[in-house]
1. Quick one: compute the contact order of the stretch 325-395, relative version, from alpha carbon pairs under 8 angstrom and 6+ residues apart, as a percent.
2. Given R₀ = 25 Å, what would the calculated FRET efficiency be for PHE206 paired with ARG87, taking r from the Cβ atoms and rounding to 0.05?
3. Kindly rank 354-367, 107-120, 40-53, 230-243 from highest to lowest mean number of other beta carbons found within 10 Å of each residue.
4. For the peptides 279-285, 94-100, what is the packing order when you average, over each peptide's residues, the other Cβ atoms within 10 Å and list the highest mean first?
5. Could you tell me the calculated FRET efficiency between ILE222 and LEU329, based on Cβ-Cβ distance and R0 = 41 angstrom, to the nearest 0.05?
Amino acid sequence: MKLKAVKPAHADAPPPKEESDSAHPEPTVSLSSTLPTDVRSTALTILAVIGVVLMLQYAQAVIIPVVLGVLISYALEPMVAGLTRWRVPRALAAALVILMLTGAGGIVLYSLRGQAAEIVQQLPDAARRLRRLVENGKPAQPTAIDQVQKAATELEKAATPVATPPPRAGVQRVQVETAPLNINEYLMYGSLGLVAAIGQGVLILFLVFFLLASGDLYRRKIVKIAGPSLSKKKVTLEILLEIDRQIERFLTVQLFTSTLVAVVTWAAFRALGVQQAAVWGLMAGIFNSIPYFGPVLVSGGIAVVAFLQFGTVQMALVVSAVAMLITSLEGFLLTPMLMSRAARMNAVAVFVGLLFWGWVWNVWGMLLAVPMLMVVKSICDHVEDLTPVGELLGE
């Protein structure tokens, strides 16, 4: 029996007509997409940041000396490494460098003791002169502020009998008087603060010695505990080497520029006839390490000193302008030329960092803000997830 293939009846039929797009429109793709947000992770991150900030404020008596010791060891590392190339044991080289540093600092302070004593002796006379200048500069006619103060005083006098009940019979009224200023008490507190500062300085020097004597011991330990994979060890080593290069370069440049500012300011003040020029030059060099705020503080303070010494506004403005000119030339011309491009940060990041660290650690925070920002930038530049932060900090 021969089988014949039967063609289905619908084989020759035309294909079904597609329905119009209007009947079943294609789904439109929205251009705006909602990114998933892990609220729990964000909340934990915020709480962790707040906890770290509070810890930095609470433990600043321990953290600040450690940070200072690490930075000083970075600054002295090239000198110690140079001595070790001459076959000097590393511990002995570290001790020699620290002794030379403390000896040089002691010689500078000892040579300036006379000018510092003169400044202390001139403080009462300067206060009297400033009070006379303020009293002579008062206007003859009362100003609006004087009228407001007078009205407030009259209102306080009028409210005093109402607020204070009359004394009862047989009860003696007692008036509490403010104790006079006790200079000896302030001197005692100042002496205790000086002793505490000296103790902190000795501890920092010991920490610097141990860090310099250990060499790259802690670097090798950090690389060892970074993780078992070779890639993590490599990234960790790159971060540590980058931090070493940037911090050493920054501290070397900062030490050189601060010394240059101190010497040039001393020479300029001496030429202008400013008394105790060496002390004010040293202060200018120290405050020069604080970006933006340091030169402003030095210029304002030296303007007051020049006004009290010379008695004219013109001379005060000249001395202040000279101090501002020296620090401006150093900050806008010399430092950018000496710093590498990788270590440069934009002005907004530095200013915000100064505000933050100044709030956390006061004056020490402003002094240490830039090195810590450089450490953060070096870490962010080598960690993929933190690259945007490094980009925000850089130029």
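Where a number appears in this text, it was derived from the coordinates with a stated rule and is not lab data. Note that the coordinates shown come from a computational prediction; the quantities given were computed from them, not determined experimentally. Glycine gets a Cβ as well: all are built from the backbone with ideal geometry, and neighbour counts include every protein chain shown.
1. 30
2. Once the sixth-power term is evaluated, E becomes 0.45.
3. 354-367, 230-243, 107-120, 40-53
4. The packing order, highest mean first, is 279-285, 94-100.
5. Approximately 0.55, to the nearest 0.05.
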